[in-house]
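What follows is one structure encoded as C-alpha cells, with my remarks underneath.
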Amino acid sequence: MNIRATVQRCLDLGRDVLFFPSGDEGRFSLEDVVCGGMLIDLIAGKSDGRIGLTDASSSARILYQRFEGSLVEALHLSNHGKDLMALGLGEDLFYCAQTDITDLVPTFRDGVIRVY
C-alpha cells in the first residue's frame, strides 16, 4: 500500500536495512516473502549495484518477480488468502494487492510506532 514511500524512506536512511517478514507463527508466509521481495527489488533498482543480498533476500526477490504483474495471484495462492476466500472475503485480496495508495511510512522506535 505504501511500497515506494517505504523504499524511499529506506534509501533516505543511508544505512543497512533488514527486513523481517513476520510469517505465520514462525512458518513461511507467501504474501510476506513476496512483499519483502518487492521491497528488495525496488531498492536494488535504485542502488546502482551497491546492495548486498543474502540467499534469502535473493529468493524473496525472485519470488516477487514471479508475481510482479499479479500480486493478487500470490495472495490467492497463500494460506491466508485461501482463509479469507473461505470466509467470503476474497474481494479483500484485491484491496490488499494495491500498491502506492498512501505515502505514510510507520516506523517503530523506542517502543512507539510513529508515521513519517
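With respect to D16, determine if the residue is crowded, with 18+ Cβ neighbours inside 10 Å, among the charged types (D, E, K, R) and under 22 Å from R109 (Cα atoms). No: the conditions fail for D16. Among the candidates S78, S57, the residue that is among the hydroxyl-bearing types (S, T, Y) and more than 21 Å from R9 (Cβ to Cβ) is uniquely S78. Restricting attention to the range 6-13, does a residue exist that is of a type in the set (K, R) and surrounded by fewer than 13 Cβ atoms within 10 Å (Cβ to Cβ)? Within the range 6-13, not a single residue is of a type in the set (K, R) and surrounded by fewer than 13 Cβ atoms within 10 Å (Cβ to Cβ).
Identify, by number, the condition in (1) on the phi > 0 side of the Ramachandran plot; (2) at pLDDT below 90; (3) not aromatic (F, W, Y) that G88 doesn't meet. Looking at each condition in turn, G88 falls short on (2).
The number of residues in the range 1-35 that are touching a residue at least 60 places away in the same chain (Cβ under 8 Å) and in a loop (DSSP other than H, G, I, E, B) comes to 2.
Which residue is modelled with the highest pLDDT, if the candidates are limited to the range 13-63 and must be within 28 Å of F94 (Cβ to Cβ) and among the hydroxyl-bearing types (S, T, Y)? Reasoning before the result, please.
To start, the set of residues in the range 13-63 that are within 28 Å of F94 (Cβ to Cβ) comprises 19-25, 27-46, 57, 59-63.
With the extra rule that they be among the hydroxyl-bearing types (S, T, Y), the set shrinks to 22, 29, 57, 59.
Values: S22: 77, S29: 93, S57: 92, S59: 96.
Per the criteria, the residue is S59.
The values are calculated or read from the model by the stated rules, or taken from the named source; none is laboratory data. Computed from a predicted structure; not experimentally measured. Ideal geometry is used to build each Cβ from the backbone, glycine not excepted, and the neighbour counts take in all protein chains shown.
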